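Worksheet: the structure to be examined is printed underneath.
The values are calculated or read from the model by the stated rules, or taken from the named source; none is laboratory data. Nothing here was measured: the structure is a model prediction, and the numbers come from that model. Note: ideal-geometry Cβ built from the backbone for every residue, glycine included; neighbour counts use all protein chains shown. Remember, those area values only see protein heavy atoms, side chains included, never the ligands or the DNA or RNA. Shrake-Rupley method; radii C 1.70, N 1.55, O 1.52, S 1.80 Å.
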There are 2 protein chains.
Amino acid sequence: MPKPLSSAASKRVAVLKALAHPSRLLITEALMTRELCVCDLRELVGDDLSTVSKHLSLLRSAGVLLSEKRGLNVYYRLSCDCFGEFLKCVDQVGAEPKATRTLFPNCC
Amino acid sequence: MPKPLSSAASKRVAVLKALAHPSRLLITEALMTRELCVCDLRELVGDDLSTVSKHLSLLRSAGVLLSEKRGLNVYYRLSCDCFGEFLKCVDQVGAEPKATRTLFPNCC
DNA sequence: TGGCTATTTGGCAAATTAACCAAGGAGCTT
DNA sequence: AAGCTCCTTGGTTAATTTGCCAAATAGCCA
């Protein structure tokens, strides 16, 4: 049984979990450029449409994406334009071979 | 079967997955202040020692943590000092109620 | 060496997550 | 209204992850 989590912490975990999946990260990266509809995203990731829809729904409920229906299509976009910065941080993690680092230099 | 992933992408996913767990995020946050040994971290998260050790091993292999054995203890520390920035980004995601946002303001 | 402490590893059962198919809206357009 | 397109939801099975116990390893110290 998981121990009670502060709401701030569980929100962080929800966001991270949402992004910690190949298709969902790909979707998020694609949306950094422009909003896209579900069928665009389906083509991008190549999974079954229902699978993509579920990924999108998860990203939306984590607060990562916003959606809007226009006509027949549903368009998704990032809720936040900080993902460039965010991914830069991710890429800095362990950018160097771990064995060669012995202290805290200035890392990133 | 997952489709082939670029190595940069799978590395990103590995880092995000490593952080997307309550205990592992807690550990990572604690290590932002100072390095700690396994027993300190065990006390912090309250799980079985072997569970904590597996979390640490996962974080290390994702490149998030570095470890060093000194005497009987193994000390863990962050591989990177950019986590403050990183978490700031995470917290900005969906910081506003989703419904009220209709476009890209300057968000974060 | 033997014993003690700190940590890791192996193995397994429970819980969670993922992906597909099929069926169900929702909103054009005629 | 009928039919079509786009998307979401329900339900099921497979795969992955989690967490504990027990056993193994590593290093100190008598």
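Between A and B, buried accessible area from a 1.4 angstrom probe totals roughly 4100 Å², ignoring ligands, DNA and RNA. Residue of chain B with the smallest Cβ distance to the axis mapping B onto A, distance rounded to whole Å: B:A20, 2. Looking at region B:1-55, the trypsin sites (Lys or Arg not before Pro) that sit in a DSSP loop and have at most 12 other Cβ atoms within 10 Å of their own Cβ are B:R34.
Protein heavy-atom accessible surface, 1.4 Å probe, per residue over region B:9-92: 45 Å². Probe radius 1.4 Å, ligands and nucleic acids ignored: give me the carbon and sulfur share of the accessible area of region B:9-92 as a rounded percent. Reported share for carbon and sulfur atoms: 50 percent. About the centre of its Cα atoms, region B:9-92 shows a dipole size close to 340 debye [charges on the beta carbon of Lys, Arg (+1) and Asp, Glu (-1) only; nearest 20 debye].
Here B:L44 yields copy-to-copy label distances, from shortest upward, of 3.5 nm, the label point defined as 7 Å from Cα along Cα to C-beta.
Among the lysines of region B:9-92, pairs that are 8 or more positions apart or on different chains and have alpha carbons within less than 20 Å of each other number 4.
For the residues of B:60-67, the average number of beta carbons from a partner chain within 10 Å of their own beta carbon is 3.
For region A:11-91, taking the reciprocal of the average inverse distance between every pair of different Cα atoms yields a Kirkwood hydrodynamic radius of 12.6 Å. Working from label points 7 Å from Cα in the Cα-to-Cβ sense, the A:D91 to B:E85 distance is 1.2 nm. Note on B:8-14: average number of Cβ atoms from other chains within 10 Å of each residue's Cβ is 5.
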